[in-house]
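Peer 1: Sharing a structure, written as structure tokens. Questions coming.
The values are calculated or read from the model by the stated rules, or taken from the named source; none is laboratory data. Quick caveat: nothing in here was measured; it's all calculated off a predicted structure. Cβ placement follows ideal geometry from the backbone for every residue including glycine, while neighbour counts extend to all protein chains displayed. The area values use the complete protein model at the heavy-atom level, side chains included, leaving out ligands, DNA and RNA. Shrake-Rupley method; radii C 1.70, N 1.55, O 1.52, S 1.80 Å.
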Amino acid sequence: LINLPYSVDEIYGIRSSGKYAGLKQTYHEFFHIYGEHVPGESIRPSLLIVEDSNSGYEFFDSISKSESYNVISAGGKSNVFKMANDQEEEQIVVIADGAAFGSEMDRMMKLASSRKNITLYLPESFEWLILKSGLIASSEVKEILSHPEDFVESKVYFSWEQFFTACLQRLTNGTFLQYQKSLLNPVYLHPRETKALLETMPEQTRALFRRDV
């Protein structure tokens with residue numbers, strides 16, 4: 001299972017007691033900002049670990065230039081746990097693609113529970129954030145985001161993250177918002193576009209980036 005890109009929101013436990021056996025969603029309360037690991041006031045990290053090493057990392061690194069914390073790329077989901085585990089003294093925020101982070105959730109949640117210095121923010125993907133931001137005025141986007149399971153063809157896309165990337169590239173092709181995963185289009189760092197992306201995030205995550213945008 002560790003090689004499968006499944007969502008943190010689709011992990012279930014099996015209840016075998018009682019008259020009716022069934023499934024219970026395991027991490028439904030740990031999506032976006034995670035439950036008891038969220039400080040009551042605001043998050044004040046000393047380190048931001050971004051799973052992505054491409055456009056997503058470029059975006060979060062660029063909008064953090066004036067902040068007091070460091071931003072590093074994990075270079076992939078399998079590296080996130082080790083990087084967080086190695087930083088025992090840091091107050092850490094991890095940003096990763098929730099649509100494919102399921103295999104890492106068990107050990108990450110155990111680490112967060114034992115250390116109390118780790119907060120997780122797991123949007124579906126960076127491409128999903130852009131689609132959800134409203135920058136692309138399209139009824140198709142709203143339809144896809146409301147029930148993506150009806151649009152993702154597993155024979156074509158190995159993960160939802162791949163689907164959101166392909167969808168974003170198709171919808172922005174030839175426009176000023178043209179997106180490529182390997183290199184961030186500078187337009188996404190313009191005040192209007194940055195503000196739209198930040199407003200898509202939960203308030204506590206948005207507060208990490210105190211930019212005048």
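Peer 1: Only one residue in ALA84, ALA112, ALA99 is without any contact (Cβ under 8 Å) to a residue 60 or more places away in the chain and open to solvent by less than 10 Å² (accessible area, probe 1.4 Å), so which one is that? Steps first, answer last, please.
Peer 2: Numbers: ALA112 fails: without any contact (Cβ under 8 Å) to a residue 60 or more places away in the chain; ALA99 fails: without any contact (Cβ under 8 Å) to a residue 60 or more places away in the chain.
The unique qualifying residue is ALA84.
Peer 1: Does ALA112 qualify as being modelled with pLDDT under 90, farther than 22 Å from PHE164 by Cα and assigned to a helix (DSSP H, G or I)?
Peer 2: Numbers: modelled with pLDDT under 90: yes; farther than 22 Å from PHE164 by Cα: yes; assigned to a helix (DSSP H, G or I): yes.
Here the answer is yes, as ALA112 does meet what is asked.
Peer 1: Can you tell which of LEU120, LEU135, LEU145, LEU208 is aliphatic (A, V, I, L, M), in a loop (DSSP other than H, G, I, E, B) and modelled with pLDDT under 90? Write out each step before concluding.
Peer 2: Numbers: LEU120 fails: in a loop (DSSP other than H, G, I, E, B); LEU135 fails: modelled with pLDDT under 90; LEU145 fails: in a loop (DSSP other than H, G, I, E, B).
The match here is LEU208.
Peer 1: Please state which one of THR200, THR205, THR172 is open to solvent by less than 10 Å² (accessible area, probe 1.4 Å) and touching a residue at least 40 places away in the same chain (Cβ under 8 Å). It would help to see each step written out before you state the result.
Peer 2: Working: THR200 fails: open to solvent by less than 10 Å² (accessible area, probe 1.4 Å); THR172 fails: touching a residue at least 40 places away in the same chain (Cβ under 8 Å).
THR205 is the lone residue from the list that is open to solvent by less than 10 Å² (accessible area, probe 1.4 Å) and touching a residue at least 40 places away in the same chain (Cβ under 8 Å).
Peer 1: Are any of the residues in the range 143-155 open to solvent by 50 Å² or more (accessible area, probe 1.4 Å) and under 22 Å from GLN178 (Cα atoms)?
Peer 2: Checking the range 143-155: at least one residue is open to solvent by 50 Å² or more (accessible area, probe 1.4 Å) and under 22 Å from GLN178 (Cα atoms).
Peer 1: Taking the range 157-189 on its own, how many of its residues are under 21 Å from the mean Cα position of the chain (by Cα), in a loop (DSSP other than H, G, I, E, B) and at pLDDT 95 or above?
Peer 2: Selection size over the range 157-189: 5.
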